[in-house]
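Undergrad: Have a look at the structure that comes next, please.
The values are calculated or read from the model by the stated rules, or taken from the named source; none is laboratory data. Quick caveat: nothing in here was measured; it's all calculated off a predicted structure. Note that we place each Cβ from the backbone using ideal geometry, even for glycine, and neighbour counts take in every protein chain shown. When the accessible area is computed, the model is the full protein with side chains, heavy atoms only, and any ligands, DNA or RNA have been set aside. Shrake-Rupley method; radii C 1.70, N 1.55, O 1.52, S 1.80 Å.
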Amino acid sequence: MSKRSLSFSYYLKEFLSSKLAIAGLVILIILLIFTGIALSIPSKVYSSWNNPAAWSEYPEHVPPAWMSIFYPGKYFTTEKLSPTYISSMSYGKNLYVVTVNYQFSWNKTLPPYNVFFFVSYNTSPIEEIIYWTKPDGYTLEISVPSTTYNMPFDLTSIRTDILNYITSVTGKTPSLVNSTVLSSALFNSPKSNLTITEQGKYLVKIEIASSSPIKITNSSILLIGNSYGLMGTDYFGRPVALGVLLGLPNALEIGALTSIIAVLVGVFAGGIAGYLGGNKDSGIQWVTLVFLALPILPFLVAVSFAVRPSLTLEALLIAFLSWPGYAIIARSAALSIKSNSFVEADKLLGIPSYRVFFTHFMPRLIPITVAYMALGVPAGILTAETLAFLGIAPADIVTWGGILNSAETYQAQVNGWWWWVVFPGLMIVIVAIPFILIGFAVERVALGER
Amino acid sequence: MLLEVKNLKIYFYTKRGVVKAVDSVNLNVDKGEIVGLAGESGSGKSTIGYGIMRLVPFPGKIVDGQVLFKGEDILKMDEDTFRKNYRWKKIAMVFQGSMSGFTPVFKIKDQIIEVLKLHGWNGDYEERVRELFKMVNMDPILADKYPHELSGGQKQRAFIAMALALNPELLIADEPTTALDVIVQENILNLLKRLRKDLGISIIFITHDLALLSEISDRDYILYAGKVMESGPSEVIFKRPRHPYTQALIESIATLDKDVIKGIPGSMPDLSNPPTGCRFNTRCPFAKDICFKEEPKMKIFSDGDEVACWLY
Amino acid sequence: MRLPAGSIEEDYIVKVDKLSVYFTKGGMFSKKVLIKAIDNVSLRIKNREILGVVGESGSGKTTLGRTTIGLQKPTYGNVYLKVDGKEINVGKSPLKKVNKYVQMIYQDPYSSIDPIMRVYDVLAMPLKYRKEKDIEARIEEAMRLVDLPLELLENRVYQLSGGQRQRLSIARAIAVNPRYVVADEPTTMLDASLKGEILKIIKDAREAKNISFMLITHELPIAKIISDRISVLYLGKLVELGRSDEIIKNPLHPYTQALIDAYPTINPELKDKIKEIKIKPDIVRPEKGCVFAPRCPFAMPKCKEREPELKEVSQGHYVACWLY
């Protein structure tokens, strides 16, 4: 005679033997691992999210780096250049000149998004000039304004001379002055009116003159790529992948909290009401209707005027108002279960009320519970994001909805910055998937293979 | 011959597979005959009735066979012709649970009058309704009532009245007395007998209650798992049955003169995967090797009995 | 009213004493109607007896069965359960006290056992909550008694056929060792070929475990197969009670006689004969007098005025009719 038991472990074993359950659990575990990673990121990264200056070296609104697989010449990532050699000369006791030399080949069909110059030294110079030599031999002379001595700077800081060059070549002053335009001046051929990129060897010389001896402490050039990372960057140059990662814990928390709490409370309340019947049923129904009458958004707006909610509180508030819908459904499900004679038969057999509820009602309520939980997760996230849009949610938290929101504000769709919208949106869907898979597996165990 | 069903096959195409509910059934009904179609649930007896009326519900389909009504194959007709000329006019059906065959929002007589009008019957409608009610031995006052005001037995008789409205030649009665009290049941049986005597109407009586059938039918077909096991005159079927299933079925019917009833062990085979050989093989006490290999053919005996069994 | 005594005063397990169960129908929008499901019924079920309760729809037979085990409270009168010498008033006791001794087998095997359960759990759970020992042995015994193979214990109920489920239903009822079981139309939803088995199992259970049964059915022939005595109910009233073979051979009440006439037997010779049915088909409930009077072919003026009482006409054979 084999061992048989009424216990949970039997059902657990059946659950784990289902492919759906394994798939769902695997995805969930992967998500949780990433959540762990996200939570271990130092908080200063979190706070830097809202500081645009922290992302200045990142290319703005560029697609993911792996786009270079599909368009090899067109997309490229940021390249860091180190000096090929540094030469120093002294002219008498009062003039010292140091030249930092760079050499690189450029074989892309587009110029870099921007160029950052990192030159730091120990004195205050008289003069700092960049000599930019294109493959065709032409050399641009660009002087670095004194306001940016000994600081990192990009093309916009040295735009005056570059703009003059552009005007001299094309005959007009560009109406839009951004790093891309300036970069095209440095990388595109004058013959093509600065439209076609010159491929070949580039030489960059940075000449610093000072009255005292100069020691270079750091020097490098960043050729900012026009693609970045796994998921590209947003309008401010912030990597979308980072945003997605930082938003993961918040998304899981909001989604899970609202959905699980609302559904569990709702189904339990409705299920018990249907099961017990009589006065207790009427009582629970009354409470349900009171909550149902409250409109979610205005109520939450009102509450937020009194209390600035944290993420957890917000999740609880949304759950607090969403449970009645589930209660109504669960109650009618419970009533139809009650109409079976096995409910009465069990009472007659001496099985206690709570056990009857757990054996017959819970398994039948589980499918709708799990289904609504799965659906509730993305719904909870989106509700929270609507609130963020209205200015209710804690503003300094990274959320996917927030990312989508700013994508909408900066018209990502119009500008073709699909990565800014697709990846956060995709994540909302992906977070729902493990719940759905686990839900199907749970349903199958509870009700048996059909 | 009024009705000849030849090689009728009705299959149901479900998610689990193709359920061969009616698999090659032959049956005949002569004018003025009461023919019984007997079997347990799943035997296919009701499906045959629906097939003759061309009302097989989804996902069922009439896959093969002919249904000749006075020589014309009604399966081959287009739906319009059949509806106008045959369904309810020449062949009518009283369904299982006919008690819910009326809609609750109209009076009984109005519903019958509508049937008359729909089929192009002209004449004094009220008089016809009164006539029909007299035929089924009911007070015509009851026709003026709503369905919920009548009892189960009254509703069933009213439905029979409606079925007779256009003077059909063949009436298919599918479990007409199930869920009715036994005394009402006897009334309905008497009614059908009288209709046959007075109107010459032929009846196909479909039921699982063999005892009931024995008191009314001239000939019977015993169905099992979609096939006819035995058919013949009632005296032979009930007094000297040859097929083991018929014998077992009669043993299992509880009648007042019995002290013991026997059951048939096992269960009906899965019709989406019928066994090779005779369908009754796993439950038959006389099964031989060949019963598992080949389907037996129908053998005709001199007393009119037809049996499909390897014992003969 | 005289109580039917049975044989020995102490030898009963269920005593129904002037029991009436009335329901009120209607409420806000219609006039309240009083439905007399059971009206002043008295009878006893002896130890180890199978009592057949026969009646058609509206006879009150199901209500009677449910009241004897405490699922329905009496409106008037009492129901007693006698176990171990003690008499328990079922109507006035909590279900917890009564269900130690009684069980019920329901008509529909598809909804009386939860299909999603494992067969093992169906039998084990009640035993566990009654804190029984030797649960495994008890389960095996029950399965054997209803002729279900032990392998089925691993299956889920929905994998079982209707006949198997009904047998499981019986197993579940007898595994807890009740003294008295109400079987409410246990064969009605089963095919003809399965009815015999179920009846045989009930009889075997009575033998093996000394259980008394109330077998409720609308089919008189079914009741006859295994009942020791048969009681006939009509519109909530007990009209006849006696030994099974006696009732069938010598029915006294006109209603019983009509029933026996109406039940078909295997009689192909009768196919052309239009049976004479002496009673009117439609059920009419009179304001006063004998409930059967409106349909009775032998109705006398007395019948319309006063209700007849249950009288013992011959040894153990009782009838409520002014003809006697």
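Undergrad: Suppose only helical runs count, i.e. DSSP H with n ≥ 4. What mean residue ellipticity at 222 nm does that imply for chain B under -39500 (n - 2.57) per run, divided by all residues and rounded to the nearest 500 deg cm²/dmol?
TA: Working: 8 runs with 80 residues, N = 312.
One gets -7500 deg cm²/dmol as the mean residue ellipticity at 222 nm.
Undergrad: Quick one: dipole size for the protein assembly as shown, taken about the Cα centre, charges +1 on Lys/Arg Cβ and -1 on Asp/Glu Cβ, in debye to the nearest 20. Walk me through the intermediate numbers first.
TA: Details: 121 positive and 106 negative charges, 395 e Å.
It comes to approximately 1900 debye.
Undergrad: Scan chain B and hand back the longest stretch that contains none of the trypsin sites (Lys or Arg not before Pro) lying in DSSP loops with at most 11 other Cβ atoms within 10 Å.
TA: Values: sites that count: B:LYS15, B:ARG16, B:LYS76, B:LYS297.
Of all site-free stretches, the longest is B:77-296.
Undergrad: A further question follows. Decide, for region C:179-307, between rounded, prolate and oblate: order the square roots of the alpha carbon gyration tensor eigenvalues as a ≥ b ≥ c, take rounded if a/c falls under 1.5, and otherwise choose prolate if a/b is larger than b/c, else oblate. List each step's numbers first, then the result.
TA: On the way: a/c = 2.40, a/b = 1.45, b/c = 1.66.
Cα axes put region C:179-307 in the oblate bin.
Undergrad: C:MET189: accessible area at probe 1.4 Å, nearest 10 Å²?
TA: 100 Å²
Undergrad: Let's test the formula: R0 of 56 Å, r as the Cβ-Cβ distance of C:LYS131 and A:SER40. What FRET efficiency results, to the nearest 0.05?
TA: Values: r = 52 Å, r/R0 = 0.93.
Efficiency at R0 = 56 Å is approximately 0.60.
Undergrad: Springs between alpha-carbon pairs under 10 angstrom, Gaussian network model over chain B: which of B:ASP144, B:ASP270, B:ASP289 fluctuates most?
TA: B:ASP289
Undergrad: Can you send over the carbon and sulfur percentage of the accessible area for chain B, probe radius 1.4 Å, protein chains only?
TA: Roughly 52 percent of what the probe reaches on chain B is carbon or sulfur.
Undergrad: Zone of C:GLU276 (label point 7 Å along Cα→Cβ, backbone N under 17 Å): which residues in region C:285-307?
TA: Counting only backbone N, you get C:296-299.
Undergrad: Total Å² of accessible surface buried at the C-B contact, 1.4 Å probe, nearest 100?
TA: 3700 Å²
Undergrad: Here is a follow-up. Students often get this wrong, so check it: of B:LYS258/C:LYS311; B:LYS197/C:LYS280; C:LYS46/C:LYS86, which have C-alpha atoms separated by over 25 Å? Don't skip to the answer; put the middle values down first.
TA: On the way: B:LYS258/C:LYS311 29 Å; B:LYS197/C:LYS280 22 Å; C:LYS46/C:LYS86 15 Å.
The pairs that break the limit, which is 25 Å between Cα atoms, are B:LYS258/C:LYS311.
Undergrad: Right, something else. Compute accessible area for region C:254-271 by itself and then with all protein chains, 1.4 Å probe, and report residues whose area falls by 40 Å² or more.
TA: C:ALA262, C:PRO264, C:THR265, C:ILE266, C:PRO268, C:LYS271
Undergrad: Which lysines have a Cα lying under 23 Å from the Cα of A:LYS13, excluding residues fewer than 8 positions away in the same chain?
TA: Within the straight-line limit of under 23 Å, A:LYS13 reaches these lysines: A:LYS3, C:LYS128.
Undergrad: Using alpha-carbon positions, what is the distance between the centroids of region A:303-321 and region B:194-236, in Å?
TA: Spelled out, the Cα-based centre of one part sits 74 Å from the other.
Undergrad: Could you give the distance between the Cα centres of region C:40-95 and region A:21-72, to the whole Å?
TA: When both Cα centres are located, 73 Å separates them.
Undergrad: With the cut-off at 23 Å, tell me which of the pairs B:LYS20/B:LYS293; B:LYS134/C:LYS278; B:LYS45/C:LYS61; B:LYS45/B:LYS193 have Cα atoms farther apart than that. Walk me through the numbers before you get to the answer.
TA: On the way: B:LYS20/B:LYS293 19 Å; B:LYS134/C:LYS278 19 Å; B:LYS45/C:LYS61 32 Å; B:LYS45/B:LYS193 21 Å.
Too far apart for the 23 Å limit: B:LYS45/C:LYS61.
Undergrad: Over region B:232-299, what is the relative contact order in percent, taking alpha-carbon pairs closer than 8 angstrom and at least six residues apart? Please report the intermediate quantities before stating the final value.
TA: Working: 51 pairs, mean separation 16.0, N = 68.
Rounded, it is 24 percent for region B:232-299.
Undergrad: Run the accessible area of chain A with a 1.4 Å probe and give the carbon-and-sulfur part as a rounded percent. Walk me through the numbers before you get to the answer.
TA: On the way: 13740 of 21510 Å².
Heavy-atom surface of chain A belonging to carbon and sulfur, 1.4 Å probe: 64 percent.
Undergrad: Hey, what angle do you get for helix C:192-209 against the long axis of chain C, alpha-carbon based, 0 to 90 degrees rounded to 10?
TA: The angle comes out near 70 degrees.
Undergrad: In addition: For chain C, what does -39500 (n - 2.57) per DSSP helix run (n ≥ 4), summed and divided by total residues, give at 222 nm, in deg cm²/dmol to the nearest 500? Write out the running numbers ahead of the final one.
TA: Details: 10 runs with 93 residues, N = 324.
Mean residue ellipticity at 222 nm (helix-derived): -8000 deg cm²/dmol.
Undergrad: Given the options B:GLY44, B:THR276, A:VAL144, identify the residue whose Cα lies farthest towards the positive end of the charge dipole of the protein assembly as shown (+1 on Cβ of Lys, Arg; -1 on Cβ of Asp, Glu).
TA: Most positive-ward Cα: B:GLY44.
Undergrad: Now for a different question. Taking region B:167-248, which chymotrypsin sites (Phe, Trp or Tyr not before Pro) meet the DSSP loop condition and have no more than 11 other C-beta atoms within 10 Å?
TA: none
Undergrad: Which GluC sites (Glu not before Pro) in region C:219-324 sit in a loop by DSSP (not H, G, I, E or B) and have at most 15 other Cβ atoms within 10 Å of their own Cβ?
TA: Numbers: sites: C:GLU219, C:GLU240, C:GLU246, C:GLU269, C:GLU276, C:GLU287, C:GLU305, C:GLU309, C:GLU312; in loops: C:GLU219, C:GLU276, C:GLU287, C:GLU309.
In loop regions of region C:219-324 (DSSP not H, G, I, E or B), the sparsely surrounded GluC sites (Glu not before Pro) are C:GLU276, C:GLU287, C:GLU309.
Undergrad: Towards the positive end of the charge dipole of the protein assembly as shown, with charges on Cβ (+1 Lys, Arg; -1 Asp, Glu), say which of B:LEU75, C:SER193, A:TRP66 has the farthest Cα.
TA: C:SER193
Undergrad: Label region C:1-131 by shape, choosing from rounded, prolate and oblate, from the square roots a ≥ b ≥ c of the eigenvalues of the Cα gyration tensor; if a/c is under 1.5 it is rounded, and otherwise prolate applies when a/b is larger than b/c, oblate when it is not. Each step should come with its number before you reach the end.
TA: Numbers: a/c = 1.85, a/b = 1.11, b/c = 1.66.
Taking the square roots of the gyration eigenvalues as a ≥ b ≥ c, region C:1-131 is oblate.
Undergrad: Simple spin-label model, 7 Å along Cα-to-Cβ: A:LYS93 to C:THR24 in nm?
TA: That separation, rounded to one decimal, is 12.3 nm.
Undergrad: Please report the buried accessible area for the interface of C with A, total over both chains, probe 1.4 Å, in Å² to the nearest 100. Intermediate results must be reported in sequence, preceding the final value.
TA: Details: alone 16670 and 22980 Å², together 36770 Å².
Result for this pair: about 2900 Å² buried.
Undergrad: Something else now. How long is the gain from C:ASP204 to C:GLN159 if the chain were fully straight, where each residue apart is worth 0.36 nm and the alpha carbon distance is subtracted?
TA: Working: separation 45, 0.36 × 45 = 16.20 nm, distance 2.57 nm.
Full extension from C:ASP204 to C:GLN159 adds 13.6 nm.
Undergrad: Rolling a 1.4 Å sphere over the protein heavy atoms, what is the accessible area per residue of the protein assembly as shown, to the nearest Å²?
TA: Details: 47880 Å² over 1086 residues.
I get 44 Å² per residue for the protein assembly as shown.
Undergrad: In addition: Tally the DSSP beta bridges in the protein assembly as shown and give the antiparallel ones as a percent, rounded to 5. The partial results should precede the final answer.
TA: On the way: 106 of 143 bridges.
Bridges in the protein assembly as shown that DSSP calls antiparallel: roughly 75 percent.
Undergrad: May I pose another question? For region A:135-192, what D do you get in µm² per second when you plug the Kirkwood radius from alpha-carbon pairs into Stokes-Einstein at 10 °C and 1.306 mPa s?
TA: Details: Rh = 12.1 Å.
For these conditions, the coefficient is 131 µm²/s.
Undergrad: Using alpha carbon centroids, what distance separates region A:130-146 and region C:276-323, in Å?
TA: Comparing the Cα centres of region A:130-146 and region C:276-323, I get a distance of 124 Å.
Undergrad: If I stretch the segment between C:GLU287 and C:GLU307 completely, what's the gain in nm (0.36 nm per residue apart, minus their alpha carbon distance), one decimal?
TA: The span from C:GLU287 to C:GLU307 would gain 6.1 nm if fully extended.
Undergrad: Specify which residue in the list B:PRO265, A:LEU317, A:VAL422 is farthest towards the positive end of the charge dipole of the protein assembly as shown, using unit charges on the beta carbon of Lys, Arg (+1) and Asp, Glu (-1), about the Cα centre.
TA: B:PRO265
Undergrad: Over region C:263-324, what is the mean sequence separation of C-alpha contacts under 8 Å (at least six apart), divided by residue count, expressed as relative contact order in percent? Mind showing how you got there, number by number?
TA: Working: 58 pairs, mean separation 13.2, N = 62.
Answer for region C:263-324 is 21 percent.
Undergrad: To continue, here is another question. Counting only C-alpha contacts under 8 Å and six or more residues apart, can you give the relative contact order of region A:289-427 as a whole percent? All intermediate terms of the calculation are to be shown ahead of the outcome.
TA: Details: 76 pairs, mean separation 33.5, N = 139.
Normalised by residue count, the contact order of region A:289-427 is 24 percent.
Undergrad: Charges only on Cβ, +1 for Lys and Arg, -1 for Asp and Glu: so what's the dipole of region B:230-312 about the Cα centre, in debye to the nearest 20?
TA: On the way: 11 positive and 12 negative charges, 35 e Å.
Roughly 160 debye, rounded to the nearest 20.
Undergrad: Using 0.36 nm per residue of separation minus the Cα-Cα distance, give me the extension gain between A:ASN279 and A:LEU313 in nm, one decimal. Intermediate values should be presented prior to the final figure.
TA: Values: separation 34, 0.36 × 34 = 12.24 nm, distance 3.25 nm.
Working it through step by step, the gained length comes to 9.0 nm.
Undergrad: To the nearest 0.05, what FRET efficiency results for B:GLU294 and B:ASP64 with a Förster distance of 25 Å applied to their C-beta separation?
TA: Numbers: r = 20 Å, r/R0 = 0.82.
FRET efficiency, B:GLU294 to B:ASP64: 0.75.
Undergrad: Counting each DSSP H run of 4 or more residues in chain A as -39500 (n - 2.57), what helix-only mean residue ellipticity at 222 nm follows after dividing by all residues, to the nearest 500 deg cm²/dmol?
TA: Values: 16 runs with 238 residues, N = 450.
Here the helix-only value at 222 nm equals -17500 deg cm²/dmol.
Undergrad: How long are the semi-axes of the ellipsoid equivalent to chain C, from square roots of 5 times the Cα gyration tensor eigenvalues, in whole Å, largest first? Let's see the in-between values first.
TA: Details: eigenvalues 241, 110, 75 Å².
The three semi-axes for chain C are 35, 24, 19 Å.
Undergrad: Sticking with this one: Can you tell me the dipole magnitude for chain A around its Cα centre, using point charges on the Cβ only (Lys, Arg +1; Asp, Glu -1), in Debye to the nearest 20? Write down the numbers at each step before the final one.
TA: Details: 26 positive and 23 negative charges, 227 e Å.
Value, rounded to 20: 1080 debye.
Undergrad: Starting from a Cα-only point model with no solvent, please compute log10 I(q)/I(0) by Debye for the protein assembly as shown at q = 0.05, 0.07 1/Å.
TA: -0.54, -0.82
Undergrad: Does region A:123-246 come out rounded, prolate or oblate by the C-alpha gyration tensor, with a ≥ b ≥ c the root eigenvalues, rounded set by a/c under 1.5 and, if not, prolate when a/b is larger than b/c and oblate if not? Mind dumping the intermediate values first?
TA: Working: a/c = 1.85, a/b = 1.13, b/c = 1.64.
Oblate is the answer for region A:123-246, as a/c is 1.5 or above yet b/c matches or exceeds a/b.
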